[in-house]
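Data first, discussion second: the structure below is written as structure tokens.
Taken together, the values in this text are just the output of simple stated rules run on the coordinates, not laboratory data. Computed from a prediction, not measured in an experiment: that's the story for all the values here. Cβ coordinates were reconstructed from backbone atoms using ideal geometry, including for glycine residues, and neighbour counts include every protein chain displayed.
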């Protein structure tokens with residue numbers, strides 16, 4: 001496959017896009033775990049989620 005005179009630009013662009021996408025995936029995974037841990041800490045401290053209550057609990 002011949003990319004012509006712009007081969008280095010094309011390859012570099014694809015590598016940079018791949019790196020950015022991988023960084024975003026890692027960032028989202030780390031943030032998910034951190035948010036999940038924070039939620040567990042809040043629930044352990046007695047804080048409850050309003051979405052966890054049923055209609056009967058509101059009365």
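For the residue pair residue 40 and residue 24, what label-to-label distance in nm results when each label sits 7 Å from Cα along the Cα-to-beta-carbon direction?
2.8 nm
Compute the distance from the alpha-carbon center of the stretch 29-46 to that of the stretch 10-25, in whole Å.
With the stretch 29-46 and the stretch 10-25 each reduced to a Cα centre, they are spaced 30 Å.
At what distance in nm do the modelled label points of residue 47 and residue 14 sit from each other, each positioned 7 Å from its Cα along Cα→Cβ?
For the pair residue 47/residue 14, the computed spacing is 4.6 nm.
Take residue 33 and residue 6, extend 7 Å from each Cα along the Cα→Cβ direction, and tell me the distance between the two endpoints in nm.
Placing both labels 7 Å along Cα→Cβ, they lie 4.0 nm apart.
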